[in-house]
Amino acid sequence: MKVLNSIKIEEKKYPNSLANNENAISKEVQRKTGFKVEKEIFRGQIIYTKGTKPVTGSILLKGTYKGKSAVLKIQGLKLESSEIEIIKTFEQQNKSKIIHAPTIYLSEEWNPKRGYGFFIMEYVNATHIYDLPFATTQQMKEFSRFYQEYKTKAVTKPWIKFEGYNLYSNTTVNNGSALSAVISAVEKWRKNMETKGRLKLEDYAPYLIGFYPIAVKYVPKMKIEFMHRELVQQHIFKLDDGTYRLFSNILWGYRLQWSDLAYNIWYNLINIRGNNYTAEEVIKYIEKWIGIYKKMPIVKKDDAFDWKINFLLTERLIGIIVGDLGNGQYWGSSEGKKYFKHMLHVYQQVFNHFAKKCR
């Protein structure tokens, strides 16, 4: 099985025709393939230089191909390893009968003369694996069954090279450690957040000060594992026949062990909306997820799971405070501003709860 490079975006080294000739490219691909567009369903954008407007890096279009519902993805940015390669390599090692990447009907790799590549894949008309922001007990159990299958059968060996401590993004910490990668990521979130000016110093500084010694204590003791780097509800669909489709396959890579379980909970939290939730309710919900996780056979094998998941949730919560709340887009709408301060206070308390478990 071929081992691929990490998924880095080659920003300015190669042409991105999609940024300037989107309509012409879309028509050319439709003419070439016979794909008929119904509507746009996603647009990926990137900012090359601070202060400049974002440019389109990729688009997903729903439509039909040879009489079947399908999705066309046009990729303008050159990836070091293409999504087409990743999906094919994933399926080569995949031993699961129920978890698969979407089927690709037709593809052409990124070409420097054209400045884009594309592929047509099946359209999955299915529901996500559970409801947001609060999964039911039964849905939590189903996610756990999915996770057990994913860890033991769908991912049997890494197919992407491990390069340094590239745990969070396209940036590798040279000659560093997992701890330096974690600290560097949090510092990046902090700097970006401070430019937004949403939070006062007292809103975040005590939590950063509390997080760093916890990271120093725990990160050096943790394993690094290959996984889907954002194994969240948004990327998992359940079909009527009981099988699953796993999307966003450019996100395979390396993170600290059990990070995929922490990310699953994090995605629930950042989708909570409203002024009526208390920290106690959020903590109870998180602890319910943890209790169900601990019943999985693969988790039962790890005697250190408790402190690992508590640390990973503390990391996710500092990320919510300085990243998702302080810097992200989740709370930027006019509606979001109504409960921004309320949810900040809630997550400060939730952070304190899990940080205390780590001390």
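Computed from the coordinates by the stated procedures, all read-outs in this text should not be read as laboratory data. This is a predicted model, so every value here is computed, not measured. Neighbour counts are summed over all protein chains in view; Cβ atoms, including those assigned to glycine, are modelled from backbone coordinates with ideal geometry.
Here is the list for the stretch 100-156: trypsin sites (Lys or Arg not before Pro) lying in DSSP coil, each with at most 10 other C-beta atoms within 10 angstrom of its C-beta, are K113.
Given a Förster distance of 45 angstrom, what is the FRET efficiency for F42 paired with E202, based on the Cβ-Cβ distance and rounded to 0.05?
Working: r = 38 Å, r/R0 = 0.85.
With R0 = 45 Å, the Cβ-Cβ based efficiency is 0.75.
If each of N111 and K357 carries a label point 7 Å out from its Cα toward its Cβ, how far apart are those two points in nm? Label at N111, label at K357, 5.3 nm between them. A Förster distance of 30 Å, applied to the separation of the beta-carbon atoms of T195 and E28, puts the FRET efficiency at 0.15.
Averaging sequence separations of C-alpha pairs under 8 Å and six or more residues apart, then dividing by the length of the stretch 9-122, give the relative contact order as a whole percent. Write out the running numbers ahead of the final one.
Numbers: 202 pairs, mean separation 31.0, N = 114.
Across the stretch 9-122, relative contact order equals 27 percent.
Is any helix in the chain, taking whole DSSP H runs, at least 27 angstrom long along its axis by alpha carbon and on average at least -0.5 on the Kyte-Doolittle scale, and which ones?
Values: long enough: 178-196 (28 Å, -0.31); 334-358 (36 Å, -0.80).
Helices meeting the span and hydropathy rule in the chain are 178-196.
Computed from the C-beta positions of L132 and K341, the FRET efficiency with R₀ = 22 Å rounds to 0.50. Fully extending the segment from E287 to L239 would add 14.4 nm, taking 0.36 nm per residue of separation and subtracting the current Cα-Cα distance. Using only side-chain charges placed at the Cβ, +1 for Lys and Arg and -1 for Asp and Glu, the dipole size of the stretch 132-264 relative to its Cα centre rounds to 220 debye. Annotation: amide H of S96 within the under-5 Å range of A154, sequence separation 5 or more or interchain, hydrogens built in the peptide plane. Rounded to the nearest 500, the helix-only mean residue ellipticity at 222 nm of the chain stands at -13000 deg cm²/dmol, with each DSSP H run of n ≥ 4 adding -39,500 (n - 2.57). Going by a ≥ b ≥ c, the root eigenvalues of the Cα gyration tensor, does the stretch 9-122 fall in the rounded group (a/c under 1.5), the prolate group (a/b larger than b/c) or the oblate group? It is oblate, given that a/c is not under 1.5 and a/b is not larger than b/c.
With Rh defined as the Kirkwood radius, the inverse of the mean 1/r over Cα pairs, the Rg/Rh of the chain is 0.96.
Each peptide among 177-188, 232-243 gets the average number of other Cβ atoms lying within 10 Å of its residues, and from highest to lowest they stand as 177-188, 232-243. Take every DSSP beta bridge whose two residues both sit in the chain; close to 95 percent of them are antiparallel.
Around the Cα centre of the chain, unit charges on the Cβ atoms of Lys, Arg, Asp and Glu (plus for the first two, minus for the last two) sum to a dipole of about 220 debye.
A simple packing score, the average count of other Cβ atoms within 10 Å per residue, orders the peptides 18-31, 62-75, 245-258 as 245-258, 62-75, 18-31, with the highest score first. The relative contact order of the stretch 127-358 comes to 26 percent, based on Cα pairs under 8 Å that sit 6 or more residues apart. Distances between placed amide hydrogens fall under 5 Å for K78 paired with E10, all partners being 5 or more residues away or on another chain.
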